[in-house]
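Each value in this text was obtained by applying a stated rule to the coordinates, not by laboratory testing. Everything quoted here is computed from the prediction, not taken from an experiment. Neighbour counts run over all protein chains shown; Cβ positions are idealised from the backbone, glycine included.
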Amino acid sequence: MTALGSAAQTGQSWTDRYTASVMNTFGTPQRVLVRGQGARVWDADGAEYLDLLAGIAVNCLGHAHPAITDAVGAQLASLGHVSNFFTTAAQVRLAEELASLVYPGREAGTRVFLANSGTEANEAAFKIARRHGGPQRPRVLALEQAFHGRTMGALALTHKAAYREPFEPLPGGVEFLPAGDAAALERAMGPDVAALIIEPIQGEAGVRELGTDYLEATRRLTEQAGALLIIDEVQTGMGRTGAWMAHHLLAPGLIPDVVTLAKGLGGGIPIGAVVAHGPAGELLGPGQHGTTFGGNPVASSAALAVIETIRSHGLLERVAHLGAQWARDIAAIPGVEEVRGRGLLLGVGLADGLASAQVAAALLERGFIVNAPRPDTIRLAPPFILTDEEAASLTVALGEVLEEQSAGAAIGGRS
Ligand SMILES: *Cc1c(COP(=O)(O)O)cnc(C)c1O
């Protein structure tokens, strides 16, 4: 029998078809999802979940938000794609909005390149770094535990050897420095460095924040050496931390040369952006960079709807307030060592003996979607529209799961 998408198919049969047809880059999918509404999703077998990962910090307005469905529908119904031989009001308005969100008060002299993903945004930033550096400045500095994406340039900036080594040779000249170590940065910095790229909070590393002093040192030292400072806000930007940009919160007054965005920017529609201020915004000239889909009016309209909704619903304040309260509540659970992060990007560090993958699996069984970026860390990155009650339900479930697993670990430890 051939089944071409019957809704009656169960999760297992879709998973079997997935395994036979989709490349095995992600392992077996945990569930087959069929529908979402607000912060909730439903699977092919009818089970309901509270989505506290939001597609990895993407669905900032939750699922099926009318602001996004209306904006995308209206744009697609009038003009869906034009190529970069042409422009649209949506593209121009989004570039203007991003200039003022990333560099408030410095819109003049700020320029935007629109891409389709985070890795592409970082790819463009890398090309800007090369244009700035030329042969005299071949070195590019990145940080240990950094994650910047999976295409060849962004991959070269990503620290994890298991991601990089199978694909070498990668673009050269990249060196990794210990995150947060200003002395190491000072030693490495010199007139042959084109750029330093950092995440203000390292998301894939388990939600690890760079301190204000260190962030300020990155600006001072890059400026002294004539190198660009690139801030990857792909995961942390667009309100996720309770400010438009995490670096606004962590190092007020710091002005980077280049900022990259994606994930939450389109609220679920694929889009990325590079925002550059000053000379860095002038380095890519005609013919030096491009992408067919970048800046397309549908994705641009989705991003404009996200920005307008965050603004008109006061979601930055909501994210900051709910995140701070939730972090305090979760930190009080026995078995939780610490809660890292800001706003609604939280890393829950578990006590010794607790395995985050098992905790995430137990939560999924209870109807909560989270993930485990590190063996000792659970990441929470829910939609900004999460209610107090929804957040509290995770706090209760996490307490129960950790109690069960601590008991299991203690028994296991004795045997
Ligand atoms: C997810 C992520 C990327 C890569 O974005 P993609 O859209 O998956 O290519 C880059 N940098 C950071 C900090 C990220 O979290």
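Positive contributions from Lys and Arg (+1) and negative ones from Asp and Glu (-1), summed over other residues with Cβ under 10 Å from the Cβ of Asn59, come out at 0. Let me make sure I get this right: for the stretch 218-283, a, b and c are the square roots of the gyration tensor eigenvalues over alpha carbons, sorted descending. Under 1.5 in a/c it's rounded, otherwise prolate if a/b > b/c, else oblate. Which is it? Oblate, because a/c is 1.5 or more while a/b does not exceed b/c.
Comparing Asp257, Asp43, Asp232 in a Gaussian network model of the chain (Cα springs below 10 Å), the most mobile by mean-square fluctuation is Asp43. Out of every Cα pair in the stretch 59-159, what percent are spaced more than 21 Å from each other? Cα-Cα pairs of the stretch 59-159 separated by over 21 Å account for 56 percent.
A P(r) calculated from all alpha carbon pairs of the stretch 68-313, with 10 Å bins opening at zero, reads 8, 33, 37, 18, 4, 0 percent. Taking every pair of distinct Cα atoms and averaging 1/r, then inverting, what Kirkwood hydrodynamic radius in Å comes out for the stretch 1-122? Kirkwood radius, the stretch 1-122: 18.3 Å. Springs between alpha-carbon pairs under 10 angstrom, Gaussian network model over the chain: which of Ala179, Ala74, Ala227 fluctuates most? Sorting by GNM fluctuation, first place goes to Ala74.
Please report the relative contact order for the stretch 201-324, taking Cα pairs under 8 Å with a sequence separation of at least 6, and give it as a percent rounded to a whole number.
Over the stretch 201-324, the number comes to 23 percent.
Sorted largest first, the principal axis extents computed over the alpha-carbon atoms of the stretch 132-211 equal 35, 31, 17 Å.
The per residue volume of the convex hull around the alpha-carbon atoms of the chain is 168 Å³. Net charge dipole, the stretch 161-288: roughly 300 debye, given to the nearest 20, about the Cα centre with Cβ charges of +1 for Lys and Arg and -1 for Asp and Glu. So if a site counts as exposed when it's one of the chymotrypsin sites (Phe, Trp or Tyr not before Pro), its DSSP state isn't H, G, I, E or B, and it has at most 13 other Cβ atoms within 10 Å, what's the longest stretch of the chain without one? The longest such stretch corresponds to 87-415.
State whether the stretch 144-260 is rounded, prolate or oblate according to the following rule on the C-alpha gyration tensor (a ≥ b ≥ c being the square roots of its eigenvalues): a/c under 1.5 gives rounded; otherwise a/b larger than b/c gives prolate, and the remaining case gives oblate. It is oblate, given that a/c is not under 1.5 and a/b is not larger than b/c.
Just how large is the dipole of the chain about the Cα centre, in debye to the nearest 20, putting +1 at every Lys and Arg Cβ and -1 at every Asp and Glu Cβ?
The calculated dipole for the chain is roughly 840 debye.
Placing unit charges on the Cβ atoms only, positive for Lys and Arg and negative for Asp and Glu, gives the stretch 1-123 a dipole magnitude near 80 debye about its Cα centre. Taking a span of 24 Å or more along the helix axis (Cα atoms) and a mean Kyte-Doolittle hydropathy of at least 0.0 as the rule, the DSSP H helices of the chain that qualify are 388-414.
Here the Gaussian network model covers the chain, with springs between Cα atoms less than 10 Å apart; of Gln91, Gln202, Gln325, Gln325 fluctuates the most.
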